[in-house]
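Worksheet for the structure shown next.
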Amino acid sequence: MKKERQKSRTGIKPPDPSSATLAREGMIIAHRGVAVDVVWDDGQRGVVRVKRRSGHVVGDRVKVAGEVLEQLPRQTELRRRDAHGGIHLVGANLDVLGVVVAPMPLPPGFIDRAIVSARAADLQPFIIINKCDLAASAELVRSLSATYTGAVPVFSVSAATGSGLSPLREFLKGHRGAFVGTTGVGKSSLLNALCPEIDLKVGEINVEKDRGRHTTTVSTLHSLSTGGELIDTPGFQDFGLVDISAQELAVYFPGFEKTGEHSCRFRDCRHRTEPGCAVVGLVAKGEVQAERYETYLEILNEVEAGEAESRRREWKK
Ligand code: GDP
Ligand code: ZN
């Protein structure tokens, strides 16, 4: 109310308090291409029309005055890359990212890249090993726990039997997150197991075609009855995380946080042959496994090659 009065002093016509034109704040909980569902801070829900490619995403805090939807500053932004290299914003103000895996082939470096991307975007990453009802999962749980315990939380669950879901629910309390992982690991099954009322909501949503070329993805934020929120978008199922930079990789590679206070001599150290490298020191002491360091160097080489390639393309333009 205070703001409105200030406005009228500046000569702008004050809004009629009896109409719906009063400024309200809330959060976008679903995006349907040309409209968004908002939960207002007073708990009421509403639908606001938006332009295509308006840039609003689920999780955005918004303010509405009349017809105008204004986006409030974001704490975090999660981006993805589509099959054509286009970059899309997936969600705003998320604070955790679940990397879902299962006993099935995994692209090399997938988990590490996802963890680095999450950390670079200021989201806390965690790993969910799904399908723990399958005998084949025991080896995966053993190896991933050995590699990632201490770096990120690791949960072993079964969406099918419900086993292990309680610690995961506990972890999600007070957080807003999303799941990433390759097709078939069980991301949808997990969402359904964690939010049993989801089926109904998803069934109501139509995915609209945008001029026949791009599919408008509908994304929804689901509240868990035990606390916490998860976002879900059809186009998000297999998303490629936006490329990480070599510098982000060097800072956020899981396992390297063990350097703690003992940082490298050079701030932009890539932990290769630089003198005074704390990571190389940890590898020498066996505190970072040689195998993990090899994986890091492989991803670093790829990322650097990618960066060099995009610089070449820039020059050609
Ligand atoms: P998504 O592509 O990651 O969303 O994976 P889905 O949720 O569609 O699941 C892929 C397949 O894995 C389906 O056939 C599911 O029934 C199966 N699945 C999902 N979770 C589990 C689980 O915990 N155990 C077993 N055995 N199968 C599962
Ligand atoms: Zn270093």
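The values are calculated or read from the model by the stated rules, or taken from the named source; none is laboratory data. Just so it is clear, the model here is predicted, and its values are computed rather than measured. All Cβ positions, glycine included, derive from the backbone under ideal geometry; neighbour counts span all protein chains shown. The accessibility values were calculated without ligands, DNA or RNA, using every heavy atom of the protein model including side chains. Shrake-Rupley method; radii C 1.70, N 1.55, O 1.52, S 1.80 Å.
Values computed for the structure shown
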| item | result |
| --- | --- |
| Members of region 107-156 found to be open to solvent by 30 Å² or more (accessible area, probe 1.4 Å), touching a strand residue (DSSP E or B) at 6+ places or on another chain (Cβ under 7 Å) and not basic (K, R), listed by number | Q124, C132, L140, V141, S145, P153, V154, S156 |
| Single residue of R74, R80 found to be out of contact with any helix residue (DSSP H, G or I) (no Cβ under 6 Å at 6 or more places or on another chain) and either touching a residue at least 40 places away in the same chain (Cβ under 8 Å) or within 16 Å of ligand 1 (Cβ to nearest atom) (or both) | R80 |
| Test result for R265, among the basic types (K, R) and under 28 Å from the mean Cα position of the chain (by Cα) | no |
| Output for region 64-84, where each listed residue is charged (D, E, K, R), modelled with pLDDT under 90 and part of a strand (DSSP E or B) | R79, R80, R81 |
| Subset tally (residues that are open to solvent by less than 30 Å² (accessible area, probe 1.4 Å) and closer than 30 Å to P167 by Cα) for region 53-101 | 17 |
| Qualifying positions in region 21-44 - within 25 Å of the chain's Cα centre (by Cα), part of a strand (DSSP E or B) and of a type outside the set (A, V, I, L, M, F, W, C) | E25, G26, H31, D37 |
| Answer from V185, V207 - the residue that is modelled with pLDDT under 90, more than 16 Å from ligand 2 (Cβ to nearest atom) and on the phi < 0 side of the Ramachandran plot | V207 |
